[in-house]
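As structure tokens, the structure follows; a few thoughts come after it.
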Amino acid sequence: MSYPSLLHFINELESKQELQRVSEFVSPELEVSEIADRMAKSNGKALLFENNGTEFPVLINAFGSNFRMLSALGLKSYSDFEHKLDELFDIVNTSKQGKGSIVRLLQKLKTVSYSRPECIRQKGKCFEVRMTVPDLGKIPVLKCWPHDGGKFVTLPMVHTVDPDTGQTNIGMYRMQVFGSDTTGMHWHRHKGGAAHFEKYRSKGMIMPVVVTLGGDPVYTYSATAPLPEIISEYAFAGFLRQKRVRLVKCLSCDIRVPEDVDFVLEGYIDPAEDVVVEGPFGDHTGFYSLPDTYPVFHITHISHRRNAIYPATIVGIPPMEDAFMGEATERLFLPLIKRIIAPEICDMFMPSEGGFHNLAIVSIKNSYPGQAIKVMNALWGAGQMMFVKNIVIVDENVNVHHSDDVMMALLKNVKFPDDFHFMYGPLDVLDHANTSPSYGKKMGIDATQNRNQKIQSYELDYDDAGVIFSDVFSSELMSSVVIAYVDKEIISSVGELHRQIFSREGTTVPLILYLDKTCEHLNLSEILWMFLANFDPANDIYIVGKDTITHAGFDGTMKKPGEKGIHQYRPNIIVMDEQTIRDIDSKWKNLNIGNFIESPSIRYKKITLSEGYLYDK
């Protein structure tokens, strides 16, 4: 199913009772975010804020459920896409088939033909209304979190063109609003837009840039998809839709955009111009990303369709709307990984608590020694999988989506440190746990059944005012993982604490995860998020051996600036300010969006580290 407009998608969601319109006035500054955060963390509906001080409604949380995500892609299930891929790969093998193969080939080529975008000459709906003077102030751009550097466009589809090949890249890079016609362009060094920018800079050329918003929701997803350079995002969208994307030429340059999008922002970036400070920004890691320098996007034209709708999202402490977009990527691209990169892979799970780059759990058909290590390295060499900091490999009979099954495999099969494997390489720019920006140590754990190791019984005897222990996993084998909540005002060295614990006779716990004492009230999902966000394989692993038994300690505590050689500045956890929480509490009944939902920020304020966007304690 395709959607002729974003409004058609909204109507579809509303007909399925997946969307709620809000007629009460809600400010784009913090209030929309606070309501969206409450809805996202309670599996709530998509929201359309019709009264926000501008003429354009704000759509948010549109991808915030499996049903809505699949609807956006036009799929009933992710296996539907795998069937389409099967047809595509079958085309390659058609020459090996017998009589009748030509007919079958033609039928399958029809499916592939939808991947080619169609360039049309008529005026697109996206140009129905043109602002005489570009003014972002007329658009309800959100300020998402209290310590954000300003308002941010959060679902932009940024179009750039390679000056050498003429190939267009569509990426999603947040844009901080600096003025009525200027924004930042937050593309990381690993992204396609940044690569194009470097080419324009080396040639001394002005770089044309076009940003679109809205339209068929499949465009928005395609801009986030980790596609190879040779595959167009609109070809991918057409393949998903089984309908060609219709493109029209922009007003000020040769870049072509879908004719049915809601907004078109045309302009340029001058590589000779000084970069400017952008941020901070409450990011998908659950922490603020720190200010950094990026180029300025100058907007020369703003056009939109009649009755345009402004799409937005917010990110923060998981789970959020982006978790379902990440799951879509995982499900859609797993078949390609299995076919092209590592055919022994059975399944893969990247928990939203890991922020899409901190953890991947992979099951494989394990046929020979070292195969798990081979798969780790294959994944680290595959596109954006290079950013994954921790990979756990388990056998094919382990359900990677079931935490107890995975933990059992870890405890039953892993010998510390023999089954830990490390390498250095690129890390996500937003990873704040490593000592060097966007570069550091990665860890792979071979939890396949390569030995029948017996786990010793759970026994822990340690008494200290600065430590609280909690048994969070017990199995039939009487094995346990223990969380140690540490008061770092009392316990200054987690490594020394770990050594002291296992210097005592009879202590046989195989694994201890160390977290800050302030995290004691968190649930297991939140514990995983905090641990993964603050864990660095280069500095946060402690191994203590006793005879043939070894004990591992993983340090997931927040490190102070300068601790263990980490960055001087550390980001704080994202929470909403007290005034906004009170304002939304007071107007909740008038919103007509269901039973009252308490602000998630109240829970997380207990673990915030200071008042600003930096951890400065």
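The values are calculated or read from the model by the stated rules, or taken from the named source; none is laboratory data. From a predicted model like this one, the values you see are computed outputs, not experimental measurements. Don't worry about glycine lacking a Cβ; one is built from the backbone with ideal geometry, like all the others, and counts go over all protein chains shown.
Being part of a loop (DSSP other than H, G, I, E, B) and touching a strand residue (DSSP E or B) at 6+ places or on another chain (Cβ under 8 Å): is that true of residue 537 here?
Criteria met by residue 537.
Report whether or not residue 225 is surrounded by fewer than 17 Cβ atoms within 10 Å (Cβ to Cβ), of a type in the set (Gly, Ala, Ser) and out of contact with any Pro (no Cβ under 7 Å at 6 or more places or on another chain).
no
When you check residue 391 against the structure, is it over 21 Å from residue 528 (Cβ atoms) and in contact with a Gly (Cβ under 8 Å, 6 or more places away or on another chain), yes or no?
When the stated conditions are applied, residue 391 does not pass them.
Being part of a strand (DSSP E or B) and surrounded by fewer than 16 Cβ atoms within 10 Å (Cβ to Cβ) is the filter here, so list the residues in region 126-173 that pass it.
Across region 126-173, the qualifying residues are 129, 130.
Could you say whether any residue in region 322-329 is under 26 Å from residue 54 (Cβ atoms), in a helix (DSSP H, G or I) and hydrophobic (A, V, I, L, M, F, W, C)?
Among the residues of region 322-329, at least one is under 26 Å from residue 54 (Cβ atoms), in a helix (DSSP H, G or I) and hydrophobic (A, V, I, L, M, F, W, C), which makes the answer yes.
Give all pairs with beta carbons closer than 7 Å in which a residue from region 404-420 that is free of Cβ contacts under 8 Å to residues at least 40 places away in the same chain and on the phi < 0 side of the Ramachandran plot meets a residue that is of a type in the set (D, E, K, R) and crowded, with 19+ Cβ neighbours inside 10 Å; count only pairs at least 6 apart in sequence or on separate chains.
Within 7 Å, the pairs are 419/446.
Conditions (1) under 20 Å from the mean Cα position of the chain (by Cα); (2) at pLDDT below 95; (3) closer than 21 Å to residue 596 by Cα, marked per residue:
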| site | (1), (2), (3) |
| --- | --- |
| 22 | no, no, yes |
| 32 | no, no, yes |
| 38 | yes, no, yes |
| 54 | no, no, no |
| 62 | yes, no, yes |
| 67 | yes, no, no |
| 79 | no, yes, no |
| 90 | no, yes, no |
| 93 | no, yes, no |
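Please count how many residues of region 573-604 are exposed (fewer than 15 other Cβ atoms within 10 Å of the Cβ) and on the phi < 0 side of the Ramachandran plot.
Adding up the residues that qualify gives 12.
Conditions tested, residue by residue: (1) in a helix (DSSP H, G or I); (2) more than 28 Å from residue 425 (Cβ to Cβ); (3) assigned by TED's automatic domain parsing to the domain that holds residue 46; (4) in contact with a Gly (Cβ under 9 Å, 6 or more places away or on another chain).
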{"residue": "543", "(1), (2), (3), (4)": "no, no, no, yes"}
{"residue": "554", "(1), (2), (3), (4)": "no, no, no, no"}
{"residue": "587", "(1), (2), (3), (4)": "yes, yes, no, no"}
{"residue": "609", "(1), (2), (3), (4)": "no, yes, no, no"}
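Taking residue 333 and the conditions (1) modelled with pLDDT of 95 or more; (2) under 20 Å from residue 171 (Cα atoms), which numbered condition does it fall short on, given that it satisfies the others?
Tallying (1) modelled with pLDDT of 95 or more; (2) under 20 Å from residue 171 (Cα atoms), residue 333 fails exactly one: (1).
Does any residue of region 20-28 turn out to be closer than 21 Å to residue 577 by Cα, touching a Gly at 6+ places or on another chain (Cβ under 8 Å) and among the hydrophobic types (A, V, I, L, M, F, W, C)?
yes
Please pick out the residue among 311, 318, 295 that is closer than 25 Å to residue 275 by Cα and in contact (Cβ under 8 Å) with a residue 60 or more places away in the chain.
Sole residue among the options that is closer than 25 Å to residue 275 by Cα and in contact (Cβ under 8 Å) with a residue 60 or more places away in the chain: 295.
Do we find that residue 596 is over 27 Å from the mean Cα position of the chain (by Cα) and modelled with pLDDT of 90 or more in this structure?
Spelling it out, residue 596 is indeed over 27 Å from the mean Cα position of the chain (by Cα) and modelled with pLDDT of 90 or more.
Based on this model, can you work out whether residue 416 counts as in contact with a helix residue (DSSP H, G or I) (Cβ under 9 Å, 6 or more places away or on another chain), modelled with pLDDT under 95 and assigned to a loop (DSSP other than H, G, I, E, B)?
The answer is no for residue 416.
Which of the residues belonging to region 339-391 are of a type outside the set (Ser, Thr, Tyr) and part of a strand (DSSP E or B)?
Once the filter is applied, which keeps residues that are of a type outside the set (Ser, Thr, Tyr) and part of a strand (DSSP E or B), region 339-391 yields 345, 346, 347, 348, 349, 360, 361, 362, 364, 390, 391.
Kindly evaluate residue 604 against the criterion of being in a helix (DSSP H, G or I), closer than 30 Å to residue 537 by Cβ and either modelled with pLDDT of 95 or more or of a type outside the set (Lys, Arg) (or both).
Considered against the rule, which asks whether it is in a helix (DSSP H, G or I), closer than 30 Å to residue 537 by Cβ and either modelled with pLDDT of 95 or more or of a type outside the set (Lys, Arg) (or both), residue 604 comes out as yes.
Can we say residue 385 is touching a Phe, Trp or Tyr at 6+ places or on another chain (Cβ under 6 Å) and surrounded by 14 or more Cβ atoms within 10 Å (Cβ to Cβ)?
So residue 385 does not fit the description; no.
How about region 1-42: which of its residues are surrounded by 21 or more Cβ atoms within 10 Å (Cβ to Cβ) and acidic (Asp, Glu)?
34, 37
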